[in-house]
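Take a look at the structure below.
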Amino acid sequence: YNNGGSTELHVDATTGTGRRTSLLKWDVSSIPANAVVSSASLSLYVSDASPLVFNLYNMRRAWVEGTGNRTSSTTSSNWNTYNGTSNWGTAGAASTTEDRYDTNLWSAGTTSFSSTGSKTEALNAAGAAVVQGWIDGTIDNHGLIMQNYSGTTTNAVFFSSSENATTANRPRLNVTYCVVAGPTITTSG
């Protein structure tokens, strides 16, 4: 299914038929290309808590968000395809050679999403470096994927999507950066 039009995103373990992962992407083009990122974090509004550990990875390939609300799609990403017709390297965008990279970009743990409400998780050094690469153009911005492929239960975390009516609850990428200006040289003659 595609859930690009849903007001909630769900991520859980891949046991039985309860297989869910969430793709996230932000436009960082308003940040100057010469900005130097000092830190980054991700803010999510959790509406259904989970004790599972969810990893965050940088995507290797572009994907189509779509507008579905738990609907089959032949024009957008779903469990099997990244655009509705072309298959992921491994279902669920799990291939570390074709779909996503294998470096976890944060240190979220069992308590990170174990209660409801607004949660902010800092990206680690590798995560900040990915955001830096998106900004300076050295890494293609195909977004991130949040996954749990090692859990033994289907206890999903639910969080608000970009379609949520409450703007403050939508997923937010927080980036702290500075722009280094060159020296001003004044000459007189």
task: Working from the alpha-carbon coordinates of segment 1-150, get Rg over Rh, Rh being the Kirkwood radius.
output: 0.95
statement: 1/(1 + (r/R0)^6) with r = Cβ-Cβ of THR103 and THR187, R0 = 35 Å, i.e. FRET efficiency to nearest 0.05, evaluates to 0.15
- prompt: When the label point is put 7 Å from the Cα of SER39 along its Cα-to-beta-carbon vector, which residues of segment 99-115 have a backbone N closer than 11 Å?
  reply: none
task: Compute the FRET efficiency between TRP26 and ALA125 as 1/(1 + (r/R0)^6), taking r as their Cβ-Cβ distance and R0 = 25 Å, and round to the nearest 0.05.
output: 0.85
- prompt: How far is helix 125-136 tilted, in degrees, relative to the longest principal axis of the Cα atoms in the chain, given as a value from 0 to 90 rounded to the nearest 10?
  reply: 60
field: Test item: Cα-centred dipole of the chain, Lys/Arg +1 and Asp/Glu -1 on Cβ, debye
entry: 120
- prompt: With the dipole of segment 1-69 worked out from charges on the C-beta (+1 for Lys and Arg, -1 for Asp and Glu) around the Cα centre, which of SER47, ASN3, ALA13 lies farthest toward the positive end?
  reply: ALA13
message: Give me the extension gain from ASN174 to ILE139: residue separation times 0.36 nm, minus the current Cα-Cα distance, reported in nm with one decimal.
response: 10.8 nm
field: Accessible area expressed per residue, segment 52-189, with surrounding protein chains retained (probe 1.4 Å, Å²)
entry: 52
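The values are calculated or read from the model by the stated rules, or taken from the named source; none is laboratory data. Just so it is clear, the model here is predicted, and its values are computed rather than measured. Ideal geometry is used to build each Cβ from the backbone, glycine not excepted, and the neighbour counts take in all protein chains shown. Calculation scope for accessible area: heavy atoms of the full protein, side chains included, ligands and nucleic acids excluded. Shrake-Rupley method; radii C 1.70, N 1.55, O 1.52, S 1.80 Å.
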